Amino acid sequence: MRLTANLGRSRPRAGARKKKYSRFRQVLRSHLSAVKGSLFIAVLCTLVLAMTDLVKPWPLKIIFDNILLDRPLPDYLSFLRGMVESDKTLSIILISSSIIIVSLFKSFSGYFQLSTTSRIGYKLAHSLRRELFIHLQRLSMSFHNRSETGELLTKVTNDTNDLREVLTDFGLAFISEMLSLLGMFAIMLALNWRLSLIVLATFPVLLFLSFYRYRTIRDSAKRQKKAEGKIASRVGEVLNSILVVQAFARENYEGARFDAQSAQTLNESIRTARMEAAAARAVDIVSAIGMWAVILFGSLQALKGELTPGNVYVFASYMNSLYGPIRNLAKISAKFSKSVVSAQRIAEVLDIEPEIKDRPDAIDATGLKGEIVFDRVSFAYEDGRQVLTDVSFEIASGQRVALLGPSGSGKSTISALIPRFYDPQHGSVLIDGLDVKNYKRESLRGEIGIILQDSILFGASISENIAYGKLDATGQDIILAARKANAHDFIAELENGYDTIVGERGCTLSGGQRQRIAIARTFIRDVPILILDEPMTGLDVESEMAVKDALKRLMSSKTCLLITHDLQSALEADLVLILEDGRIVEQGKPRDLLLANRRYRDLYELKFSQFVVRPLGGSL
């Protein structure tokens with residue numbers, strides 16, 4: 001059983017339902033507080049935009065009514081009376097020129113509003129992505145192993161981007177549209193209350209059509225997001241297992257599985273797009289009916305002299321401008337419904353607290369000697385499965401201990417309790433006489449080196465992978481660690497040496513090469529405690545010899561916990577612990593167990609009866 005196989009669970013924070021979005025809102029408030037200067041500029045531009053929409057039809061109204069038809073100017077336009085009465089040609093030139101001035105104001109304010117809100121939106125997406133990424137790294141291994149990678153990637157990338165779009169398209173744009181709506185309707189009501197009632201009569205229908213589909217689109221978007229996450233997970237899984245897929249000639253089979261999952265996303269996407277299109281077209285129809293009614297009744301009133309042609313034009317212009325924001329609100333409503341889903345998905349992750357936390361009075365784990373004590377430790381997973389029962393043992397500083405036992409006996413759980421990947425329900429784990437709960441997690445794990453059966457490397461240079469154990473390592477430190485790990489010779493033979501970029505998870509290197517680089521990464525860290533989880537499984541004879549030699553140097557003078565099924569390797573240990581069903585059934589020195597304990601001797605003879613047994617004390 002590997003170290004990463006036994007997993008606890010990250011629990012939702014207590015009261016998470018009551019405090020939904022709490023961390024999300026905290027990030028949002030912090031971001032908006034940091035950009036309040038830009039927000040002020042964006043709000044100012046929004047007000048200017050709303051004013052230009054209100055002023056836009058008035059130059060033509062004045063030209064039609066007060067210059068061409070020679071009607072007297074109303075009192076609120078008395079400041080233009082002298083110019084209009086003295087020179088109508090000049091008045092037409094100047095007033096018509098104001099159309100360009102209004103457009104310039106609209107263009108500049110629109111540009112600054114869009115650029116400012118876009119900058120705010122991109123910064124918000126960056127803040128959320130950073131918060132999510134950091135938070136995901138702090139969550140326990142149990143969360144990551146039960147979560148789909150593609151789903152998490154979708155939340156970090158697509159969902160944060162959806163929130164950016166809604167802030168840009170919905171936030172201040174919604175305020176601008178609402179201000180324009182209210183201002184236009186107030187002016188229309190002042191000009192002619194009868195026509196205003198016709199316009200007002202269309203509002204309930206428009207609002208119903210605009211927001212009726214909100215919940216349906218939101219639910220559809222939620223299903224769509226879930227399906228997209230599954231697709232991403234499927235692609236990642238297949239690409240990570242491409243060797244197996246090709247070896248079993250399952251390309252067509254995987255293609256069919258992908259088609260089935262992709263079809264779900266396709267259907268949801270089409271359904272969502274159809275609902276959005278239906279809402280938008282319905283708004284267009286109602287808008288056309290409203291425009292027809294205003295033109296018809298306005299023109300009839302103009303024929304009777306109850307309304308000027310300019311006022312009819314203002315109404316028609318406002319109607320066109322009025323329905324534009326409502327159409328936009330319909331689109332914004334669809335985007336907003338999707339953003340609500342994204343916010344919920346992000347908040348779900350941010351509301352999960354790591355199961356393992358530092359105590360308020362936790363201290364740094366520095367200068368550890370490596371004495372390890374398990375005192376009546378019992379551990380069970382949340383599903384009730386008991387893994388360890390009343391386990392007690394002591395490991396002296398610098399002692400080498402081998403954990404033996406069948407898969408599922410609790411070996412990996414013991415090794416995972418030491419760096420506090422999870423905590424026992426009963427008993428305590430002590431290092432240097434202090435409960436590990438009293439150490440800060442990061443500093444504790446910084447004193448422990450772990451080498452797994454499947455060495456994980458990053459898609460970076462070899463030197464970067466080795467220096468991952470010590471970020472401030474020099475080039476000489478890296479080379480020295482590689483020499484100690486028997487990795488320098490094969491690295492030097494590579495075309496780019498230490499600058500060679502390894503494939504994802506180190507796939508361009510052999511198993512033995514990957515393992516030696518992982519050992520070098522632990523060498524450069526120089527920690528007092530080592531945990532080795534089946535480090536030589538699957539290696540060829542030559543690689544195994546090189547790895548064994550490197551491990552002997554690595555384990556020198558360090559406290560080592562070796563999880564193994566190899567009894568020959570256990571012969572070099574100072575202490576052997578044999579586990580069955582979560583209990584230590586035998587413990588002692590390997591020679592003593594081999595001579596006096598029938599269980600250990602039977603295991604040894606079963607393992608090596610078909611081989612020539614090397615003398616006791618043979619090399620690891």
Yes or no: Phe64 part of a helix (DSSP H, G or I) and surrounded by fewer than 17 Cβ atoms within 10 Å (Cβ to Cβ)?
-> no
Checked Gly588, Gly582 against criteria (surrounded by 15 or more Cβ atoms within 10 Å (Cβ to Cβ), under 40 Å from the mean Cα position of the chain (by Cα) and at pLDDT 80 or above); the one match is Gly582
Checked the range 519-578 for anything within 17 Å of Arg400 (Cα to Cα), among the charged types (D, E, K, R) and under 39 Å from the mean Cα position of the chain (by Cα); matches are Asp526, Asp533, Glu534, Lys558
Is it true that some residue in the range 285-306 is within 28 Å of Thr202 (Cβ to Cβ), modelled with pLDDT under 80, in contact with a Lys or Arg (Cβ under 9 Å, 6 or more places away or on another chain) and assigned to a helix (DSSP H, G or I)?
-> yes
Working carefully through the options Ser103, Ser33, Ser38, Ser78, find the one that is open to solvent by less than 90 Å² (accessible area, probe 1.4 Å), under 30 Å from Ala343 (Cα atoms) and either out of contact with any helix residue (DSSP H, G or I) (no Cβ under 9 Å at 6 or more places or on another chain) or modelled with pLDDT of 85 or more (or both).
-> Ser33
Cβ-Cβ below 8 Å, separation at least six or inter-chain, first residue in the range 472-484 and touching a residue at least 40 places away in the same chain (Cβ under 8 Å), second open to solvent by 50 Å² or more (accessible area, probe 1.4 Å) and of a type outside the set (Gly, Ala, Ser): which pairs?
-> Asp477/Lys470; Lys484/Arg553
Those residues of the range 335-366 that are under 19 Å from the mean Cα position of the chain (by Cα), among the polar types (S, T, N, Q) and open to solvent by less than 10 Å² (accessible area, probe 1.4 Å) come to a total of 2
Considering (1) at pLDDT 85 or above; (2) surrounded by 15 or more Cβ atoms within 10 Å (Cβ to Cβ); (3) touching a strand residue (DSSP E or B) at 6+ places or on another chain (Cβ under 7 Å); (4) of a type outside the set (A, V, I, L, M), say which one Asn465 fails and leave the rest.
-> (3)
Meets criteria (farther than 28 Å from Asp423 by Cα and in contact with a Phe, Trp or Tyr (Cβ under 7 Å, 6 or more places away or on another chain)) for Ala460 = no
Flagged pairs (Cβ under 7 angstrom, 6 or more apart or on separate chains; first in the range 433-446, touching a residue at least 24 places away in the same chain (Cβ under 8 Å) and closer than 18 Å to Ile531 by Cβ; second among the charged types (D, E, K, R) and open to solvent by 50 Å² or more (accessible area, probe 1.4 Å)) are Arg441/Asp358; Ser443/Asp364
Mind listing whichever residues of the range 476-489 are more than 22 Å from Pro419 (Cβ to Cβ) and either assigned to a helix (DSSP H, G or I) or in contact with an Asp or Glu (Cβ under 9 Å, 6 or more places away or on another chain) (or both)?
-> Gln476, Asp477, Ile478, Ile479, Leu480, Ala482, Arg483, Lys484, Asn486, His488, Asp489
So which residues in the range 443-463 are more than 25 Å from Thr366 (Cα to Cα) and part of a helix (DSSP H, G or I)?
-> Ile462, Ser463
Mind checking which residues of the range 106-122 are of a type outside the set (A, V, I, L, M) and either surrounded by 17 or more Cβ atoms within 10 Å (Cβ to Cβ) or touching a Cys at 6+ places or on another chain (Cβ under 8 Å) (or both)?
-> Lys106, Ser109, Gly110, Phe112, Gln113, Thr116, Thr117, Gly121
Within the range 394-404, restricting to residues that are closer than 13 Å to Ala573 by Cβ and assigned to a strand (DSSP E or B), the one that is modelled with the lowest pLDDT is Leu404
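The values are calculated or read from the model by the stated rules, or taken from the named source; none is laboratory data. Since this is a predicted model, take the numbers as computed values, not measurements. Here Cβ is always computed from backbone atoms with ideal geometry, including for glycine, and neighbour counts include all displayed protein chains. Surface accessibility is based on the protein's heavy atoms, side chains included, excluding ligands, DNA and RNA. Shrake-Rupley method; radii C 1.70, N 1.55, O 1.52, S 1.80 Å.
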